[in-house]
1. Kindly list the number of the only condition in (1) in a loop (DSSP other than H, G, I, E, B); (2) crowded, with 17+ Cβ neighbours inside 10 Å; (3) not aliphatic (A, V, I, L, M) that fails for K187.
2. Being more than 18 Å from G180 (Cβ to Cβ), assigned by TED's automatic domain parsing to the domain that holds D188, at pLDDT 85 or above and buried (at least 17 other Cβ atoms within 10 Å of the Cβ) narrows it down to one residue among K126, K97; which is it?
3. Going through L213, L150 one at a time, which residue ends up being out of contact with any strand residue (DSSP E or B) (no Cβ under 8 Å at 6 or more places or on another chain), among the aliphatic types (A, V, I, L, M) and over 25 Å from Y114 (Cβ atoms)?
4. Quick one: in segment 133-161, of everything that is hydrophobic (A, V, I, L, M, F, W, C) and assigned to a loop (DSSP other than H, G, I, E, B), which residue is surrounded by the fewest Cβ atoms within 10 Å (Cβ to Cβ)?
5. Of all residues in segment 169-179 being surrounded by 13 or more Cβ atoms within 10 Å (Cβ to Cβ) and part of a loop (DSSP other than H, G, I, E, B), which is modelled with the highest pLDDT?
6. Going by the structure shown, is I219 out of contact with any Asp or Glu (no Cβ under 6 Å at 6 or more places or on another chain) and buried (at least 20 other Cβ atoms within 10 Å of the Cβ)?
7. Whether any residue in segment 75-92 is among the acidic types (D, E), over 20 Å from V194 (Cβ atoms) and assigned by TED's automatic domain parsing to the domain that holds K211 is what I want to check.
Amino acid sequence: MEANDSRDYQEDILYIEEEHLDDELSMEVPEEAQGLLEPVEKRKSDVKGFLYDLIFYAVLIFVCIYILPNFVIQRTIVDGSSMAETLHDGEHLFIEKLSYRFDALDRFDIIVFYPYGRANEEYYVKRIIGMPGETIQIIGSDIYIDGEMLEEDYGKDPIADAGRAAEPITLSEDEYFVMGDNRSVSKDSRTEEVGNVNKENIGGRAVFRIKPLSRFGIID
């Protein structure tokens, strides 16, 4: 009996200690301690918010500095009068850089391209006349596409020099035939120096004029 009484007594002590421990754990944190914890939690929240902001602005800067000008849209300046009266010397344009990547260029689109390859920084601004796979020929002042006369009125003056297009020119599946609207002064696909424009040398399609403000708007 004494052994059992001793074991029961020990179990009672353990039970009381467990109850006392539960009471301690369930006690509310004193207001003074809460006052110390709140600034710590606020600092953690501020640090997390700062890191999120830092990541957001880093991504935004990367997109603005690298992604947009290289893959989406870029500003360029017209140099010369070969596109008069559509574009004038010194005008500032936005060019979008998605159409040519997805083979979405159309006849009469105005493009920016690198006639001597992308390794050379010199670029031209011209209008697409012939599309990939077509045969172009200029007879007199008329342009023929696959044997049919092209109806268009973009030229500032009638064509006086057919150049290499006096004979039929058949474009490959990744080539375009381009001309300036001011055809009496434009150096374009009619010349041996420029020739057909390969897709890989196209920089973008001119879509919007931003300067001067008097001519601000969409480019036709």
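The values are calculated or read from the model by the stated rules, or taken from the named source; none is laboratory data. Note that this is a predicted model, so its numbers are computed, not measured. FYI the Cβ positions are ideal-geometry reconstructions off the backbone, even for glycines, and counts take in every protein chain you see.
1. (2)
2. Being more than 18 Å from G180 (Cβ to Cβ), assigned by TED's automatic domain parsing to the domain that holds D188, at pLDDT 85 or above and buried (at least 17 other Cβ atoms within 10 Å of the Cβ) holds for just one of K126, K97, which is K97.
3. Details: L150 fails: out of contact with any strand residue (DSSP E or B) (no Cβ under 8 Å at 6 or more places or on another chain).
So the residue among L213, L150 that is out of contact with any strand residue (DSSP E or B) (no Cβ under 8 Å at 6 or more places or on another chain), among the aliphatic types (A, V, I, L, M) and over 25 Å from Y114 (Cβ atoms) is L213.
4. Filtering segment 133-161 for residues that are hydrophobic (A, V, I, L, M, F, W, C) and assigned to a loop (DSSP other than H, G, I, E, B), the one surrounded by the fewest Cβ atoms within 10 Å (Cβ to Cβ) comes out as A160.
5. L171
6. Against the criterion (out of contact with any Asp or Glu (no Cβ under 6 Å at 6 or more places or on another chain) and buried (at least 20 other Cβ atoms within 10 Å of the Cβ)), I219 does not qualify.
7. Yes, because at least one residue in segment 75-92 is among the acidic types (D, E), over 20 Å from V194 (Cβ atoms) and assigned by TED's automatic domain parsing to the domain that holds K211.
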